[in-house]
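Structure, as structure tokens:
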Amino acid sequence: MLTNPSQALIRNSKYFQQHNVLVLNYEADTFAHQCLEFADNVTALALDFNHHLTLSSCANEKLQCYFGHQLPESLADAKFDSVIIYFPKAKPLMGYLLQLAAQHLNIDGQLMIVGENKGGVKSIDKLTPDYYSTPIKQDNARHCLVYVSYLTQAAPTLSISDWVSQYSLETPQGTLQICNTVGVFSEKRLDQGTELLLSHLPDNLRGRVLDFGCGAGVITAALLKANPELTIECIDINAMALLSCELTLAANSMQAKVYPSDGFNQISGKFDGIISNPPFHDGLTSTTDIATQFVQQSAIRLTSQGVWQIVANRHLPYSETIATHFGKVNVVAENNKYKLYFHQHSYQ
């Protein structure tokens with residue numbers, strides 16, 4: 001099943017007939033594979049790890065699939081006849097994707113942009129740098145718009161530092177330097193949930209610790225500030241978040257293992273601690289199901305004396321799930337928006 005933006009692209013396949021195509025920020029479908037019916041070769045770069053997993057099973061000699069904020073070093077200088085960009089949910093990220101696309105187009109190379117009508121794509125004229133021609137609307141279908149533009153002059157060399165903001169953040173553990181890449185949400189201050197979590201960190205954390213949904217690395221940096229002896233692993237599905245986390249750690253002269261994981265699927269072994277402000281906030285059924293899986297897997301992944309602590313919106317139904325998998329619900333702190341849940345295994 002193709003998403004609406006992908007269906008709109010299929011309608012406009014004439015624009016990349018027999019082309020060598022690069023697809024940026026693709027969605028959770030197999031459009032890039034179906035694109036081979038029209039294009040000669042397709043290279044696909046996902047910024048969402050789940051999207052990458054959806055497509056990677058289709059990879060072959062004509063379809064190369066990658067995950068990250070840019071193509072691997074071996075393809076840093078690769079050029080394509082066409083680049084397709086799926087308009088991102090985080091609008092500021094579009095500027096980065098446009099400059100990234102320009103690195104991989106020859107002069108007069110074709111750029112195709114697709115996005116949902118209500119997703120911000122109508123502002124593409126204002127977002128497009130002057131090294132591209134003015135985007136022309138080619139189609140309006142499946143509640144989506146398709147635009148085409150061309151690279152008219154060489155773009156500035158892409159430097160990730162141009163797309164990173166760094167700022168000082170006061171935490172209960174001390175001052176930290178936080179790095180945010182474009183597209184990663186930041187209030188440039190502690191949000192209420194993370195502040196509640198960091199203000200009540202368990203004092204018996206030790207050994208191997210997991211930061212689930214690490215974002216820009218605020219929790220990991222605070223943990224290491226308080227206890228540099230911890231061995232922390234940071235996971236997320238967002239490539240820009242993982243990059244932010246790596247940069248935050250470097251800015252604070254800290255080290256941790258940072259990698260993508262779909263839930264616990266890419267994680268091995270057990271942890272002495274799982275600490276998280278998990279990215280499940282909207283209360284939708286799908287989100288609640290994911291949160292339930294998170295609690296269930298957490299219980300399995302803790303060592304016999306393992307510590308588990310998360311902060312969550314107080315309206316989310318965590319208590320019943322925690323009781324099911326941990327046996328007891330301990331709310332160690334709360335405010336008008338969040339609850340802080342704690343558990344320690346006591347198996348011998």
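The values are calculated or read from the model by the stated rules, or taken from the named source; none is laboratory data. The structure presented is a predicted model; accordingly, all values stated were derived computationally and were not measured. Glycine gets a Cβ as well: all are built from the backbone with ideal geometry, and neighbour counts include every protein chain shown.
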**Report entry** Exclusive hit being within 25 Å of the chain's Cα centre (by Cα) and modelled with pLDDT under 95, set 115, 119
**Finding:** 119
Report summary line: Output for Cβ contacts, cut-off 7 Å, separation at least six or different chains, first residue in a loop (DSSP other than H, G, I, E, B) in the range 22-50, second among the small types (Gly, Ala, Ser), reads 26/32; 26/44; 26/46; 27/6; 29/6; 38/13; 47/239
Query raised in the report: Here are some residues: 320, 233. Which one is under 19 Å from residue 205 (Cα atoms) and assigned by TED's automatic domain parsing to the domain that holds residue 203?
Result: 233
**Report entry** In the range 256-273, residue nearest to residue 301 (Cα to Cα) [restricted to those that are touching a residue at least 60 places away in the same chain (Cβ under 8 Å) and part of a strand (DSSP E or B)]
**Finding:** 271
Requested in this report: Determine which member of the set 130, 125 is of a type in the set (D, E, K, R), in a loop (DSSP other than H, G, I, E, B) and either within 22 Å of residue 48 (Cβ to Cβ) or in the same structural domain as residue 8 (by TED's automatic domain parsing) (or both).
Outcome: 130
**Report entry** Qualifying residue in the range 72-87 (condition: charged (D, E, K, R), closer than 25 Å to residue 4 by Cα and touching a residue at least 40 places away in the same chain (Cβ under 8 Å))
**Finding:** yes
Requested in this report: Considering (1) surrounded by 14 or more Cβ atoms within 10 Å (Cβ to Cβ); (2) modelled with pLDDT of 95 or more; (3) small (Gly, Ala, Ser), say which one residue 269 fails and leave the rest.
Outcome: (1)
Query raised in the report: Is at least one residue of the range 201-209 closer than 24 Å to residue 304 by Cβ, within 25 Å of the chain's Cα centre (by Cα) and touching a residue at least 60 places away in the same chain (Cβ under 8 Å)?
Result: yes
Report task. Among the numbered conditions (1) in contact (Cβ under 8 Å) with a residue 12 or more places away in the chain; (2) surrounded by fewer than 20 Cβ atoms within 10 Å (Cβ to Cβ); (3) among the hydroxyl-bearing types (Ser, Thr, Tyr), tell me where residue 181 comes up short. Result -> (2)
Query - Residues satisfying the stated conditions in the range 95-122, i.e. in a helix (DSSP H, G or I) and touching a residue at least 40 places away in the same chain (Cβ under 8 Å) - result: 95, 96, 97, 99, 100, 101, 102, 103
Report summary line: Checked the range 99-146 for anything touching a Cys at 6+ places or on another chain (Cβ under 7 Å) and either over 15 Å from residue 6 (Cα atoms) or buried (at least 17 other Cβ atoms within 10 Å of the Cβ) (or both); matches are 114, 115, 116
Query raised in the report: Restricting to the range 158-168, what's the tally of residues that are touching a residue at least 40 places away in the same chain (Cβ under 8 Å) and either surrounded by fewer than 20 Cβ atoms within 10 Å (Cβ to Cβ) or under 22 Å from residue 257 (Cα atoms) (or both)?
Result: 4
**Report entry** Counted residues, the range 212-232 - those being assigned to a strand (DSSP E or B), out of contact with any Pro (no Cβ under 7 Å at 6 or more places or on another chain) and buried (at least 21 other Cβ atoms within 10 Å of the Cβ)
**Finding:** 1
Query raised in the report: When you look at residue 79, is it over 22 Å from the mean Cα position of the chain (by Cα), over 28 Å from residue 159 (Cβ atoms) and either outside the structural domain of residue 243 (by TED's automatic domain parsing) or aliphatic (A, V, I, L, M) (or both), yes or no?
Result: no
Query raised in the report: Does residue 67 meet the test of being touching a His at 6+ places or on another chain (Cβ under 8 Å), under 19 Å from residue 240 (Cα atoms), at pLDDT 95 or above and buried (at least 20 other Cβ atoms within 10 Å of the Cβ)?
Result: yes
Query raised in the report: Do the conditions hold for residue 130, that is, is it within 19 Å of residue 20 (Cα to Cα) and acidic (Asp, Glu)?
Result: no
